[in-house]
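What follows is a single structure, written as structure tokens, with notes after it.
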Amino acid sequence: MAHGQGRSNQLPENQFVASKLEEMADVLEHQSASEFRIRAYRDAASYVAALPQPIMKVYQKEGRRGLEDLPTIGTSIAAAIAELLDSGRFSVLDRVRGSANSEKLLQTVPMIGPALAHLIYDTLHIDTLEALEAAAINGRLSAIKGIGKRRVESIRHSLNDMLARRRPRKTPVGSSLPPVSDILAVDQEYRETAETLPVIKPRRFNETGLARIPILHTERGPWRFTVIFSNTASAHKYHRTRDWVVIYCDRDDHPELQLTVVTQHGGPLDGRRVIRGHEGACKQHYGL
């Protein structure tokens, strides 16, 4: 299907999407992200604003694949546009601003009420539906006390229906990781440079209203990383707000992944930085 680009005709839906993409570019620029990443959002915003047909029609007819086929729209930006068109949300933008309401997002899934949403977010640090689906597939969700196999399957089926149109054309959710060495190097870079990084203002656990959580945007090979300290209730309870590091990563042919790196206490990995849920790979990395 050919998609032509013409003079902007001020389609409200297209203008809304374009404005959000521009906002993302502005925030990334302020946070010293790579020029390539900033330019990608600006180019996508310009294209969508000038698209002579409603972008929703493209999405309704061809799903995320149709968005990816548009000039200047890569995999990660197609995912952002799909989310905007489905829900009006732009979780990546909310995250880099510090304004994400992760528990409210999780409650959009049938079978997940406020209490369970809080438990999932606080235990797994999950703040996207894609990450929730990955946790349902790899067993991390079923490991939470009180969530039985039947409920996990129900959540998984609901997510499959909700995310069907948003799936990328190539790699399935959770199928691969960046090299463990790269993940741990990014974690180290973040912790060593935290005092010099731009900061965001979280909406939770922030009585002073100050911007206080450092944010890092960096790249390793084809992977793009965004990194922040954990701001969950558990991180505060156990005084790990400067130890638990949440890493979001994606590449052009892979959906976003969410990982948490912590200092291990006890066992053969004691004292080492470990990627939660990938302890086996970390053992191999450390030669244990």
In region 96-120, which residues are within 16 Å of the chain's Cα centre (by Cα), in contact (Cβ under 8 Å) with a residue 40 or more places away in the chain and crowded, with 21+ Cβ neighbours inside 10 Å? 96, 100
Across region 71-81, which residue is farthest from residue 215 (Cα to Cα) among those that are out of contact with any strand residue (DSSP E or B) (no Cβ under 8 Å at 6 or more places or on another chain) and crowded, with 21+ Cβ neighbours inside 10 Å? 73
Out of 137, 126, 120, sole residue that is of a type outside the set (Lys, Arg) and modelled with pLDDT of 85 or more: 120
When you go through (1) closer than 19 Å to residue 215 by Cα; (2) of a type outside the set (Phe, Trp, Tyr); (3) touching an Asp or Glu at 6+ places or on another chain (Cβ under 9 Å) one by one for residue 31, which number turns out not to apply? (3)
Quick one: is residue 134 among the small types (Gly, Ala, Ser) and in the same structural domain as residue 55 (by TED's automatic domain parsing)? no
I'm checking my understanding of the structure. Among residues of region 27-43 that are of a type in the set (Asp, Glu) and surrounded by 14 or more Cβ atoms within 10 Å (Cβ to Cβ), which one is farthest from residue 219 (Cα to Cα)? 43
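The values are calculated or read from the model by the stated rules, or taken from the named source; none is laboratory data. Computed from a predicted structure; not experimentally measured. Cβ atoms come from the backbone with ideal geometry, glycine included; neighbour counts cover every protein chain shown.
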